[in-house]
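Working notes for the structure below.
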Amino acid sequence: MSQGRPRFSRAAILEGARSSLPVQVAVVPFGLVCGVAAQAQGLSLAEATLMSGLVYAGSAQLLALSHWSSPAPVLAAGLASFVVNLRLALMGPVLGPWLDRLRGWRLWASLFVMADQNWALSVTQMQAGRWDAGFLFGSGALMWVVWVASTAAGHVLGATMRPPAGHPLFFAALAVFVAILVVMWRGRRDFVPWLVAAAVSMLFARLLPGTSWYIVLGALAGSGTGVWRDRRREFNA
Amino acid sequence: MTLDPWVLAAIAAMAFATFVTRAGGYLLFRTFSPPPLMRAMLGYIPGTLFVSYVAPALATGGLQQWVGALVTAAVMLATRNLALAILGGTAAAGVVWAAG
């Protein structure tokens, strides 16, 4: 059915980059903060840039940098990154219909640039019946560039550029997800799963702070509730 | 332009761990074709994952976050334009911040 459709077209790559522009702007303040944090922990510009380029995961980098030491905490930083990024393991399979059609570098590069924001945009594209995984790669590749550049800028500019903690610029990151949720709402059947996800995530955000377990557990509890309810309805019907 | 070997090792560990989460979940699904129950859950993951992101942030946030989130959602509902929604919500959060 999908065989004849483009898998990884230049047009979709460019469209991914273009339609992710508003999201890219919201990435910049976090890149700056991450660069400032790296500089404050004594990382050189080369090290900070290398970290952003190879790790490319803002919350994991910020967490690792807030617990930095000398010599650098190899095991702790690796473990923290794994736990904070566990949600990415849930995200990949959702894009299976796109990723299954990719091979070689296109698959690995698409997985490497998959982050919260461009994943969410890609899911809404997929739900709208689009087939081309180039969208994921194009939006992610541009976000990688923006991320690396803004962390480097944060390192160079240092504390002079640091917005204070409560600054509304940081709200932009949350606004991205609120806006995307509006698109993801599929009607009444989402109500109970979303409610369960909200309750469970709020509980575990208190119990296990500084990890992404609360996101993983909230998503699993909400999704599990939805599937369980759908099954029960089918059974009763 | 210094490169400390311990820092490089930590960066390598972080990069490896992160890529394992990015590729690992997908590859596990692709290799072991999970039961239909787990497949059915994938349809609910996107929404519930971002709810789990947003809900704790709002629960611990103040007026700035609440007003910002409401304006973001309202603009998105009205226009379906991501840029306008982010801009409007952040501007509203800024107004509350400046007033507070």
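Summary of computed values
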quantity: Every pair of residues 6+ apart whose Cβ atoms lie under 7 Å, when the first sits in segment B:3-17 and is under 22 Å from A:Trp108 (Cα atoms) while the second is assigned to a helix (DSSP H, G or I) and polar (S, T, N, Q); calculated: B:Met14/A:Ser81; B:Ala17/A:Ser81
quantity: Conditions (1) under 19 Å from the mean Cα position of the chain (by Cα); (2) part of a helix (DSSP H, G or I); number of the one not met by A:Gly210; calculated: (2)
quantity: Subset of segment B:16-37 [in a helix (DSSP H, G or I) and out of contact with any Phe, Trp or Tyr (no Cβ under 8 Å at 6 or more places or on another chain)]; calculated: B:Phe16, B:Gly24, B:Gly25, B:Tyr26, B:Leu27, B:Leu28, B:Phe29, B:Arg30, B:Thr31, B:Phe32, B:Pro36, B:Leu37
quantity: Residue among B:Leu63, B:Leu28 that alone is without any contact (Cβ under 8 Å) to a residue 12 or more places away in the chain, of a type outside the set (Ser, Thr, Tyr), out of contact with any Leu (no Cβ under 9 Å at 6 or more places or on another chain) and open to solvent by 60 Å² or more (accessible area, probe 1.4 Å); calculated: B:Leu28
quantity: Residues of segment B:32-44 satisfying the condition of being out of contact with any Pro (no Cβ under 8 Å at 6 or more places or on another chain) and within 7 Å of chain A (Cβ to nearest Cβ); calculated: B:Leu37, B:Ala40, B:Met41
quantity: Output for segment B:60-100, where each listed residue is facing chain A (nearest Cβ under 7 Å) and either in contact with a Lys or Arg (Cβ under 9 Å, 6 or more places away or on another chain) or among the aromatic types (Phe, Trp, Tyr) (or both); calculated: B:Trp97
quantity: Residue ID - nearest to B:Gly25 (Cα to Cα), chosen from residues in segment A:68-107 that are of a type in the set (Val, Ile, Thr) and within 7 Å of chain B (Cβ to nearest Cβ); calculated: A:Val94
quantity: Scope segment A:161-186; condition within 17 Å of A:Val123 (Cβ to Cβ) and either part of a helix (DSSP H, G or I) or modelled with pLDDT of 95 or more (or both); matching residues; calculated: A:Val176, A:Phe177, A:Val178, A:Ala179, A:Ile180, A:Leu181, A:Val182, A:Val183, A:Met184
quantity: Enumeration of residues in segment A:122-138 that are under 13 Å from A:Ser19 (Cα atoms), under 15 Å from the mean Cα position of the chain (by Cα) and surrounded by fewer than 24 Cβ atoms within 10 Å (Cβ to Cβ); calculated: A:Thr124
quantity: Residue match in segment A:139-159 (condition: out of contact with any helix residue (DSSP H, G or I) (no Cβ under 7 Å at 6 or more places or on another chain), at pLDDT below 95 and either outside any helix (DSSP H, G or I) or open to solvent by less than 30 Å² (accessible area, probe 1.4 Å) (or both)); calculated: no
quantity: Matching option when the condition is within 24 Å of A:Leu62 (Cβ to Cβ), modelled with pLDDT of 95 or more and either crowded, with 17+ Cβ neighbours inside 10 Å or touching a Leu at 6+ places or on another chain (Cβ under 8 Å) (or both), among B:Ala57, B:Ala10; calculated: B:Ala10
quantity: Lone unmet requirement of (1) over 21 Å from the mean Cα position of the chain (by Cα); (2) buried (at least 19 other Cβ atoms within 10 Å of the Cβ); (3) assigned by TED's automatic domain parsing to the domain that holds A:Pro22 for A:His167; calculated: (2)
quantity: Residue list for segment A:84-135, restricted to those being farther than 17 Å from A:Tyr56 by Cβ and among the β-branched types (Val, Ile, Thr); calculated: A:Val94, A:Val123, A:Thr124
quantity: Residue count for segment B:70-100, restricted to those that are crowded, with 21+ Cβ neighbours inside 10 Å and not β-branched (Val, Ile, Thr); calculated: 7
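The values are calculated or read from the model by the stated rules, or taken from the named source; none is laboratory data. Remember, it's a predicted structure, so these values are computed and weren't measured experimentally. So basically every Cβ, Gly included, is an ideal-geometry build from the backbone, and we count neighbours across all protein chains shown. For accessibility, only protein heavy atoms count, side chains too; no ligands or nucleic acids. Shrake-Rupley method; radii C 1.70, N 1.55, O 1.52, S 1.80 Å.
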